[in-house]
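A.B. asks: Handing you a structure now.
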Amino acid sequence: MRPLNSIIQEVISEAPEVRTFRLDRNLDPAPGQYVMVWIRGVDEVPMSFSGPDTITVQSVGVATQALFQFSAGDSLGLRGPLGNGFILRGKNILLIGGGVGTAPLAFLGEQARSQGLEVASLLGFRSRDDLIFETRFEALGDTYITTDDGSVGIHGRVAEGLKGLNLSEYDQIYICGPEMMMWDIISKTREHAGKTQACINRYFKCAAGICGSCCLDPDGVRVCVEGPVIMADRLLESEFGRYRRGPSGGKGLCKG
Amino acid sequence: MPSLSVHVGGLDLCNPVLLAAGILGTTGASLCRAAEAGAGGVVTKSLGSVPRAGHPGPTIVQVECGLLNAMGLPNPSYRDFQDEIETARKGGVPVIASIFGSSAEEFAQIARGLRADAFELNLSCPHAEKYGSELGRYPDLVEAVTGAVKAASSVPIWVKLTPNTADILELGLAAQRGGADAVVAINTLKAMAIDIETGYPILGNRFGGLSGQAIKPVAVRSVYDLSSRLEIPVIGVGGITTWEDAVEMIMAGASCIQVGTALMKGYGVFEEIISGLSRYLERKSMTLEDLCGMAGRRS
């Protein structure tokens, strides 16, 4: 499939470094799936859906900085939706998000509510200024917020928010955020890993399951096609939270 | 059950269906997975002397009849890849390291510093400046590089040839003169795709290499020509997707084959090709040896 042309309909500033781009196409994605976004002349990068026709992007590199120059009327190339998204299970679910990783969870939570599931959310941000999608989550059900600087909600990392929750009450847990935040949660809640779906990130090049750049040690899971949503129990004994490969394929530290 | 084991280019293989270079070869774990899925041998991602991030995206474009790619030889350098090779060896099949350089000396340096069951010399990548087919289209350079690596290493040397030339046979003969243990044909065909909405070439590198079903007839012809003239074995690669494709490539003269783009369908493709090939040989009461080069014996 060649990239589909898409015209940006609207750009919404969510936080200083976070913007939502509403597209003229509904690619009918499942929450947790991603799309390869071609910023012509610059690069092609994977982006998670924050709704059926929106992507929410944090400015982190050359491609996203270029995307931040775009406004309504500008066009992108799209390849997707790709990968395996979240699967709704049970009646009572918990969403755990960090930073821009809350984007696919807001989309998932809305789908869950429309199917009659009970939804609670635990969300972590650096500070008050970085809060995004607060109203979307609050409309879904109980919402607990943590900030690293204590400017809103519970003071501390997302894991601080776990103390007030009984994870046994939830049929399924969904998590997305910076790798070290997810690792912190998953490694502290090992007994629930079998019911935790994590949306993870690796360096994608082909996004078609053939180049191998996103393969996860030790099983060689191709995150671009077998993920990006992976059951947390598969992550516990993997490279996740320990190291990750960069563009050259060399191992580096996990950040965030 | 007919035996599928073969001795090709200095290696003993339990079956003739190998994983091609550049496909799921970035990590030891993914190479291991290919071996566990049935591959008779695995070829790593091409390794150079310094780390490379590769070209910007898009790095692939799916077209009607195949796949365009311009990955740009991303690799962490051979020095950082030995661990991955050791992991890949746990798969129990030979691990062939694909290597590239911009000179005979650079190839030889890598071959001296890296341990693998064999080396496949990438003299054919069509989209990386100073590397691949930029050397590999000149017979004298193919011979010089092959000779230098052969002198620097004690393991078998395979030379992967480019089809982006007037006469691939000249390149194969040059590899043979240089002392190659086998040639591998073919790498991708130079190609490009343009976004008609905006006029931008789609690949980040503007052009790249075409693989997949579109190039199979080109590969079959190349293998046929090479195998009819060379003394050393020819390893067939290019668009093999089904067991029928494998049979055809072996009939053209391939002693074994490599599978690349078809991995887009998943690792199951190894089992499909191997079991299909086995059933075919059984039905025809033939051996792999009978099949190899059969087309050249028909007149």
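Values in this text are rule-based calculations from the coordinates and carry no lab data. The model shown is predicted, which means the values in this text are computed figures rather than measured ones. Cβ: placed from backbone, ideal geometry, glycine included. Neighbour counts: every protein chain shown.
A.B. asks: Suppose every K and R has +1 on its Cβ and every D and E has -1 on its Cβ; what is the size of the dipole of region B:178-299 about the Cα centre, in Debye to the nearest 20? Intermediate values should be presented prior to the final figure.
C.D. replies: Numbers: 11 positive and 13 negative charges, 52 e Å.
Here the size comes out at about 240 debye.
A.B. asks: While we're looking at this one, here's another question. What's the exposure ranking of B:MET286, B:MET192, going from fewest to most Cβ atoms within 10 Å?
C.D. replies: Numbers: B:MET286 13, B:MET192 17.
The fewest-first ordering by Cβ neighbours comes to B:MET286, B:MET192.
A.B. asks: For peptide B:49-58, compute the average count of partner chain beta-carbon atoms within 10 Å of each residue's beta-carbon. Mind dumping the intermediate values first?
C.D. replies: Numbers: counts 0, 1, 5, 3, 7, 6, 3, 9, 15, 13.
Going residue by residue through B:49-58 and averaging, the value is 6.
A.B. asks: Still on this structure: With point charges of +1 on the Cβ of Lys and Arg and -1 on the Cβ of Asp and Glu, referenced to the Cα centre of region B:156-247, which listed residue (B:LEU171, B:VAL184, B:VAL234) lies farthest in the positive direction of the dipole?
C.D. replies: B:LEU171
A.B. asks: Mind ordering A:204-211, A:67-74 by average Cβ neighbours within 10 Å, highest first?
C.D. replies: Working: A:204-211: 24.9, A:67-74: 13.8.
With the highest mean Cβ count within 10 Å placed first, the list reads A:204-211, A:67-74.
A.B. asks: So for region A:4-82, considering every pair of alpha-carbon atoms, how many percent are separated by more than 16 Å?
C.D. replies: On the way: 1286 of 3081 pairs.
Percent of Cα pairs beyond 16 Å in region A:4-82: 42.
A.B. asks: Using a 10 Å cut-off around each Cβ of peptide A:44-53, what is the average number of partner chain Cβ atoms that fall inside?
C.D. replies: Working: counts 8, 3, 1, 0, 0, 0, 0, 0, 0, 0.
Across A:44-53, the average partner-chain Cβ count within 10 Å equals 1.
A.B. asks: With charges set only on the Cβ (+1 for Lys and Arg, -1 for Asp and Glu), what does the dipole of the protein assembly as shown come to about its Cα centre, in debye to the nearest 20?
C.D. replies: Working: 50 positive and 60 negative charges, 121 e Å.
Roughly 580 debye for the protein assembly as shown.
A.B. asks: Here's another thing I want to ask about it. Go through B:ALA21, B:GLY66, B:SER46 and say which Cα lies farthest out towards the positive end of the charge dipole of region B:1-94; charges sit on Cβ, +1 for Lys and Arg, -1 for Asp and Glu.
C.D. replies: Looking along the dipole axis, the top candidate is B:SER46.
A.B. asks: With a cut-off of 8 Å between alpha carbons and a minimum separation of six or more residues, what is the relative contact order of region A:92-252 in percent? All intermediate terms of the calculation are to be shown ahead of the outcome.
C.D. replies: Details: 302 pairs, mean separation 30.0, N = 161.
Averaging sequence separation for qualifying contacts and normalising by length gives 19 percent for region A:92-252.
A.B. asks: Take the Cβ-Cβ distance between A:ASP74 and B:LYS190 as r, set R0 to 41 Å, and report the resulting FRET efficiency rounded to the nearest 0.05.
C.D. replies: On the way: r = 32 Å, r/R0 = 0.78.
The computed FRET efficiency comes out at 0.80.
A.B. asks: Right, next: Evaluate the Kirkwood expression for the hydrodynamic radius of the protein assembly as shown, namely the inverse of the mean inverse distance over all pairs of different C-alpha atoms, and round to one decimal in Å. Let's see the in-between values first.
C.D. replies: Values: mean 1/r = 0.0406 Å⁻¹.
24.7 Å is the Kirkwood radius here.
A.B. asks: If you don't mind, another one. Whole Å is fine, so just give me how far the alpha carbon centre of region A:175-207 lies from that of region B:116-193.
C.D. replies: 43 Å
A.B. asks: Using only helices, what value at 222 nm comes out for chain B when you add -39,500 (n - 2.57) per DSSP H run of length 4 or more and divide by the total residues, to the nearest 500 deg cm²/dmol? Please list the in-between numbers first.
C.D. replies: On the way: 11 runs with 105 residues, N = 299.
That comes out to -10000 deg cm²/dmol.
A.B. asks: Let me ask something else. Can you tell me which of A:133-141, A:11-19 comes out highest on packing, and rank the rest after it, using the mean Cβ neighbours within 10 Å?
C.D. replies: Values: A:133-141: 17.9, A:11-19: 16.3.
In decreasing order of mean packing, A:133-141, A:11-19 become A:133-141, A:11-19.
A.B. asks: Would you mind computing the Rg to Rh ratio of chain A from its alpha-carbon coordinates, Kirkwood style for Rh? Walk me through the intermediate numbers first.
C.D. replies: Details: Rg = 17.2 Å, Rh = 18.3 Å.
The Rg/Rh ratio comes out at 0.94.
A.B. asks: Now for a separate question. If you rank B:SER30, A:SER114, A:SER6 by fewest surrounding Cβ atoms within 10 Å, what's the result?
C.D. replies: Working: B:SER30 30, A:SER114 8, A:SER6 21.
Listed from fewest to most nearby Cβ atoms, that is A:SER114, A:SER6, B:SER30.
A.B. asks: For B:SER5, B:SER98, A:SER238, what's the fewest-to-most ordering of other Cβ within 10 Å of each Cβ? Don't skip to the end; give the middle numbers.
C.D. replies: Numbers: B:SER5 11, B:SER98 25, A:SER238 16.
Listing B:SER5, B:SER98, A:SER238 from fewest to most nearby Cβ atoms yields B:SER5, A:SER238, B:SER98.
A.B. asks: Restricting attention to the alpha-carbon atoms of chain B, what are Rg (one decimal) and Dmax (integer), both in Å?
C.D. replies: Spelled out, the Cα radius of gyration and Dmax of chain B are 17.7, 56 Å.
A.B. asks: Compute a Gaussian network model of chain B, connecting alpha carbons closer than 10 Å, and tell me which residue from B:ALA214, B:ALA166, B:ALA39 fluctuates the most.
C.D. replies: Between B:ALA214, B:ALA166, B:ALA39, it is B:ALA166 that shows the largest mean-square fluctuation.
A.B. asks: Taking 28 Å as the cut-off for C-alpha to C-alpha distance, list the pairs among A:LYS188/A:LYS251; B:LYS130/B:LYS265; A:LYS163/A:LYS255 that go past it.
C.D. replies: Values: A:LYS188/A:LYS251 25 Å; B:LYS130/B:LYS265 33 Å; A:LYS163/A:LYS255 24 Å.
Beyond 28 Å: B:LYS130/B:LYS265.
A.B. asks: A follow-up question, please. Using a Förster distance of 22 angstrom, determine the FRET efficiency expected from the C-beta separation of B:CYS65 and B:THR198, and round it to 0.05.
C.D. replies: On the way: r = 23 Å, r/R0 = 1.06.
The pair B:CYS65/B:THR198 has a calculated efficiency of 0.40.
A.B. asks: For B:253-264, what's the mean count of beta carbons from other chains sitting within 10 Å of each residue's beta carbon?
C.D. replies: 1
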